[in-house]
Amino acid sequence: MLDRIILHSDLIGLVDELAHKRRIIGPVVRDVPECDPPLRYFYEEVERADQLDLSFNYCVYSPKRYLTPPNETLFAFRREDSGFTATPEYDRRPTVLVGVHPCDLHAIRLYDRVFDLEFRDEHYFARREATMIIGLDCRAPCTDGVFCKDMGTNTIEEGFDVMLYPLGTDGDEGNIRYGVMFGTKAGREWLLYSRQSAVPTAADERAFEKYRAEKEAAFSFALHTRREDLPQLLGRSYDSLLWDATARRCYSCGSCNLSCPTCYCFNIAEETDLAPGSGRRQREWDGCLLPEFALVAGDHNFRAKAASRLRHRIYRKAAWVQERSGLVGCVGCARCDRACTAKINSVEIYNQLAEEV
Ligand code: SF4
Ligand code: SF4
């Protein structure tokens, strides 16, 4: 059941009002001439809501950098007569993420879980709690190669403040009529107080039913194995020759990790000031495909071979993360596959392993 109906023009007006209090992050189209096609979408900060393009297919990167940035200071430290003092740094800027697709919402749900598993990461939650999320459903696959239906991530019922379902256009060309579902009290209050939205009619509910049926038909499966069976498949594939054969093409560049909305590994480094006695503890993204990822003191590398790094990533995505968190470790967005210069493709890996077994 829908909670409300809102027109695109009214939504843009409301997001503009939010811009007085929050930074607005959403899909923006950019001309990238070296790409084919050259128009690409990126989540960026905007000053006005009409700079957003909610008709985007997919954003090259997910919005994860606005919740856990590539580099951040965890705390500053200083040596004093009585010992060291450490002053934590938290980013609590009020933010709204606009136009987050279901796969990326699943990835954010995973972050909410893993950053609170054994130890609550206050730096992550400072940003997360200051962030309002306006989700945007996809009527059809955003591009070729995605396997979100296989991973159960092309729809979502929670993890947003407000979710928009583009039901069709209303009168004027391009004025989309969104069905709205509330995910939180904050989302409900934001939209209801504005008085810009309407109560859904019986015709709206019928349009929503039709939308869901068309969406179900538009997405197809890409994997030859059910998601639930992937851990078992991998369990039998540890010694497969596929790891070596595929990794021969791998450049160990880590692009697959960096473009992935569910990769959350990071490195910690101390940065000291020129004057002795003070500095900062920094956190930065890391990637398990990078050769130094598993390098430890004594020059021992637990995964010195590209094949073992590739296998590690695939096991994490399809088995280990879910084992630990209870949520899927891969949302099937295929960003890793698109980012890979060597054209190493996750779906092909799973399907080849299924064939071998
Ligand atoms: S592993 Fe690839 S397909 Fe899965 S979530 Fe990460 S980028 Fe998307
Ligand atoms: S993006 Fe491709 S080439 Fe680069 S590390 Fe990942 S699998 Fe290897």
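Observations, loosely collected:
- Listed pairs Lys185/Lys210; Lys317/Lys343; Lys64/Lys215; Lys64/Lys210; Lys149/Lys317; Lys305/Lys343 exceeding 21 Å between Cα atoms: Lys185/Lys210; Lys64/Lys215; Lys64/Lys210
- Maximal additional length on extending the Arg226-Glu129 stretch stands at 31.5 nm, based on 0.36 nm per residue less the C-alpha distance.
- Rg and Dmax [Cα atoms of the range 84-221; Å; Rg one decimal, Dmax integer]: 17.8, 66
- Cα gyration tensor shape of the chain, rounded if a/c is under 1.5, else prolate or oblate by comparing a/b with b/c: oblate
- Centroid-to-centroid separation of the range 218-289 and the range 1-25 [C-alpha atoms, Å]: 35
- Relative packing of 198-207, 332-341, which averages over residues the other C-beta atoms within 10 Å, highest first: 332-341, 198-207
- Using only the C-alpha atoms, the convex hull of the range 198-357 corresponds to 209 Å³ per residue.
- Converting phi to 3J(HN,Hα) with the Karplus coefficients 6.51, -1.76 and 1.60 and the offset θ = phi - 60°, the range 186-203 yields 4, x, 4, 5, 4, 6, 6, 5, 6, 6, 8, 9, 10, 6, x, 8, 4, 5 Hz in sequence order, with x at every glycine or proline.
- The range 299-339 residues near the modelled Val60 label - backbone nitrogen below 20 Å, point 7 Å along Cα→Cβ: 333-339
- Shape parameters for the range 265-313, alpha-carbon atoms, Rg then Dmax in Å: 14.3, 44
- Taking each DSSP H run with n ≥ 4 as -39500 (n - 2.57) and averaging over every residue of the chain yields -8500 deg cm²/dmol at 222 nm.
- Compactness of the range 76-142 as Cα Rg over 2.2 N^0.38 Å, two decimals: 1.59
- Note on Ser278 and Lys21: the extension gain reaches 89.1 nm, defined as 0.36 nm multiplied by sequence separation minus the Cα-Cα distance.
- Taking the inverse of the mean reciprocal distance over all distinct Cα pairs, the Kirkwood hydrodynamic radius of the range 1-145 comes to 17.4 Å.
- All distinct Cα pairs of the range 7-76 go into the 1/r average, and the inverse of that average, the Kirkwood radius, is 13.7 Å.
- The range 224-310: chymotrypsin sites (Phe, Trp or Tyr not before Pro) in DSSP loop, at most 10 other beta carbons within 10 Å: Tyr238
- For the range 281-357, the Cα-based Rg and Dmax, in that order, read 14.2, 47 Å.
- Fully extended contour minus Cα-Cα distance, from Phe75 to Val29, at 0.36 nm per residue: 13.0 nm
- Sparse packing (at most 14 other Cβ atoms within 10 Å of the Cβ) combined with a DSSP loop state is found for the following GluC sites (Glu not before Pro) in the range 125-166: Glu157, Glu158.
- The largest-to-smallest principal axis extents of the Cα set in the range 315-357 are 30, 27, 12 Å.
- 15 Å reach of a label modelled at Glu292, 7 Å along Cα-to-Cβ, counting backbone N of the range 262-283: 266-271, 282-283
- For the range 1-66, GluC sites (Glu not before Pro) are listed when DSSP marks them as loop and at most 16 other Cβ atoms sit within 10 Å of their Cβ; the list is Glu34, Glu47.
- Mean separation of Cα contacts under 8 Å, 6 or more apart, over the residue count of the chain: relative contact order %: 21
Read-outs: derived from the displayed coordinates by stated rules, not from any lab. This structure is a prediction, so every number in the text was calculated from the model and none was measured. Positions of Cβ are backbone-derived with ideal geometry, glycine not excepted, and every protein chain shown enters the neighbour counts.
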